[in-house]
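Here the structure comes first, spelled out in structure tokens, and everything after it is commentary.
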Amino acid sequence: MVSLIHSMDTLTSQQQQLQLQYQGFIQTQPLWFGQLNNNLQQFGLMALQDSVPLHPQDAPKRLGNRVEYFVFQSLAQQAHIKILETNLQIQQDKQTLGELDALLLVNNQPIHLEIIYKFYVYDPLVGTTDLEHWIGPNRKDSLVYKLDKLRNKQLPLLQAPETQPYLERHRLDSASIKQEVLFLAQLFVPRATATAVPFEQLNAKAVMGTYVRLPDLETYTTCSLYIPNKLDWLVLAHNTVSWQPYTLIKSQLEALLQTKRAPLIWMRHPDGQLERLFVVWW
């Protein structure tokens, strides 16, 4: 990571951050391989490119949209993939019914691709199944909610009568189109019981860190901390940031937690080890 940063000395700070975000993105694991529950096929025909053209002026400001930008830039570099449509809004009487993230030709096979990038923490007290335990760090989102939305709303949009005129532009019919998802995720497990988390259906390599509550950080007062902005949640922890001692950063964490926002933080141990973790309010 340090060598990557040094190699970007000639870039602007915006370009550097965009490159670091992209590098973190391409190192994110798919949440599962193959099919999940026999009906959600992970997109497996894309080799994420180590380097693609990135332009700060074109990069969306919201994290989910920025990930889509990274995906489209990577897809565009691959000879066997042709992008037909991106962010295709399906409308009826000037009302938007929904959006298809991408229509592609992959080795001449038409594919409707939905792109998902999520941060989930494992709470064994939520739900009763392994999948139900994965929720958003602010408890406003969950894996099963997103899976249900994909199955019941986003993917069925392809078959809607209102979608067919858009497909006809490319001489496609919905019956010939495969539906796949690129579902990438960063998973965070309870710090005290990290090894007890089961991974029967999901990819254990998607685990990127742990989560704690604020009092748990009292154990790490000799460590330095850093709070990245939301877009930099994509970035792997590195040394070239403004580290602060726990005593100085505690008030910032308390302010965020009081508004029920769980920050992602970086931690640097005295021996130089770096890690990323969520601090949750619940």
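The values are calculated or read from the model by the stated rules, or taken from the named source; none is laboratory data. Quick caveat, the model's predicted, so the values are computed rather than measured. Note that each Cβ is placed from the backbone with ideal geometry, even for glycine, and that neighbours are counted across all protein chains shown.
Tell me yes or no: at least one residue of segment 88-107 is within 30 Å of PRO263 (Cβ to Cβ) and assigned to a strand (DSSP E or B).
yes
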Can you pull out the residues in segment 154-208 that are β-branched (Val, Ile, Thr) and in contact with a His (Cβ under 9 Å, 6 or more places away or on another chain)?
ILE177, VAL197
In segment 145-163, which residue that is among the hydrophobic types (A, V, I, L, M, F, W, C) and out of contact with any Gly (no Cβ under 7 Å at 6 or more places or on another chain) is nearest to LEU264 (Cα to Cα)?
LEU147
Residue among ALA59, ALA47 that is in contact with a Lys or Arg (Cβ under 6 Å, 6 or more places away or on another chain), closer than 28 Å to GLY209 by Cβ and of a type in the set (Gly, Ala, Ser)
ALA59
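Residues are listed down the side, and each one gets a yes or a no for (1) among the aromatic types (Phe, Trp, Tyr); (2) outside the structural domain of ASN138 (by TED's automatic domain parsing); (3) touching a strand residue (DSSP E or B) at 6+ places or on another chain (Cβ under 6 Å); (4) surrounded by 11 or more Cβ atoms within 10 Å (Cβ to Cβ):
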site	(1), (2), (3), (4)
THR222	no, yes, no, no
ASP232	no, yes, no, yes
HIS238	no, yes, no, yes
ILE249	no, yes, yes, yes
LEU256	no, yes, no, yes
TRP266	yes, yes, yes, yes
ARG276	no, yes, yes, yes
Between residues in segment 19-48 that are of a type in the set (Gly, Ala, Ser) and residues that are part of a helix (DSSP H, G or I), which pairs lie under 6 Å by C-beta distance while being six or more apart or on different chains?
GLY24/LEU234
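Looking at segment 177-190, can you tell me whether even one residue there is assigned by TED's automatic domain parsing to the domain that holds GLY64, on the phi < 0 side of the Ramachandran plot and without any contact (Cβ under 8 Å) to a residue 60 or more places away in the chain?
no
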ASN108 meets each of (1) surrounded by fewer than 16 Cβ atoms within 10 Å (Cβ to Cβ); (2) under 27 Å from MET208 (Cβ atoms); (3) not β-branched (Val, Ile, Thr) with one exception, condition (2)
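Of the residues that sit in segment 58-76 and are hydrophobic (A, V, I, L, M, F, W, C) and not in a helix (DSSP H, G or I), which one is surrounded by the most Cβ atoms within 10 Å (Cβ to Cβ)? Steps first, answer last, please.
In the first step, residues of segment 58-76 are kept if they are hydrophobic (A, V, I, L, M, F, W, C); the result is 59, 63, 67, 70-72, 75-76.
From the residues that got through so far, the ones that are not in a helix (DSSP H, G or I) too are 59, 76.
Values: ALA59: 19, ALA76: 14.
My answer is ALA59.
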Answer yes or no as to whether THR193 is of a type in the set (Val, Ile, Thr) and surrounded by 15 or more Cβ atoms within 10 Å (Cβ to Cβ).
no
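Do the conditions hold for GLN186, that is, is it in a strand (DSSP E or B) and more than 24 Å from GLY24 (Cβ to Cβ)? So that I can check it myself, show each step before the final result.
Numbers: in a strand (DSSP E or B): yes; more than 24 Å from GLY24 (Cβ to Cβ): no.
Criteria not met by GLN186.
Inspect segment 256-268 for any residue being under 21 Å from ILE26 (Cβ atoms) and under 18 Å from the mean Cα position of the chain (by Cα) and give the result as yes or no. Spell out how you get there, then give the answer.
Let us first name the residues in segment 256-268 that are under 21 Å from ILE26 (Cβ atoms), namely 264, 266.
Those left that are additionally under 18 Å from the mean Cα position of the chain (by Cα): 264, 266.
Yes: segment 256-268 contains one or more residues that are under 21 Å from ILE26 (Cβ atoms) and under 18 Å from the mean Cα position of the chain (by Cα).
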Restricting segment 14-57 to residues that are more than 15 Å from the chain's Cα centre (by Cα) and part of a strand (DSSP E or B), the one surrounded by the fewest Cβ atoms within 10 Å (Cβ to Cβ) turns out to be GLN35
